[in-house]
Amino acid sequence: MLAVTGGCAAAESDESPEPTVNATTSGPRETVPAAESGAEEALPSRAEMDEATRILAEAVFLQTLREEPGLAAVSDDVLVAAGDAGCDAMDRGDSLQSVFIVVAAMATGASDTDSIAILTGVASGVLCPEHADYTG
């Protein structure tokens, strides 16, 4: 079972804690470390993610990328599509350079190559964690 919790509320706070998402799948699955997402357990591979886990992965992906000024002009939908395109390229075994080219072509509005590299790295760690250590 994958259990990911939101932030920690102060003990004296009147605010209710952030929601917890629990996602389960049946049968064996490929898992990878989830250090980039802050998950308590390993994330399943992209092919094995259920809907709740995918929604959580996209939220973590977007939250992380919104901290990158070079991606400020890129919409959420485009960021997710670019991340998925990068994952598809990694699934095919494309070279790392080719993966960056695919992501850059999709992420119109990104301001620099460093932002494309960050987008690609976050995608491989969160959207398709089976490629977290991808070197092409």
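Summary table
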quantity: Within the stretch 78-136, tally of residues that are over 20 Å from Gln63 (Cα atoms), among the polar types (S, T, N, Q) and not in a helix (DSSP H, G or I); calculated: 2
quantity: Near pairs, Cβ below 7 angstrom, 6+ apart or cross-chain, from the stretch 93-117 (at negative phi) to any residue that is surrounded by fewer than 20 Cβ atoms within 10 Å (Cβ to Cβ) and of a type in the set (S, T, N, Q); calculated: Leu96/Thr135
quantity: Candidates Leu79, Leu2, filtered to the one that is at negative phi and modelled with pLDDT under 90; calculated: Leu2
quantity: Test result for Asp94, modelled with pLDDT of 95 or more and under 14 Å from the mean Cα position of the chain (by Cα); calculated: no
quantity: Single match in Asp84, Asp112, Asp133 (criterion: loosely packed, with under 15 Cβ neighbours inside 10 Å, within 14 Å of the chain's Cα centre (by Cα) and of a type in the set (D, E, K, R)); calculated: Asp133
quantity: Within the stretch 67-77, considering residues that are in a loop (DSSP other than H, G, I, E, B) and of a type in the set (D, E, K, R), the one farthest from Thr135 (Cα to Cα); calculated: Glu67
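The values are calculated or read from the model by the stated rules, or taken from the named source; none is laboratory data. Only a predicted model underlies this, so the values are computations on that prediction, with no experimental measurement involved. Every residue, glycine as well, gets a Cβ built from its backbone with ideal geometry; the counts of neighbours run over all protein chains shown.
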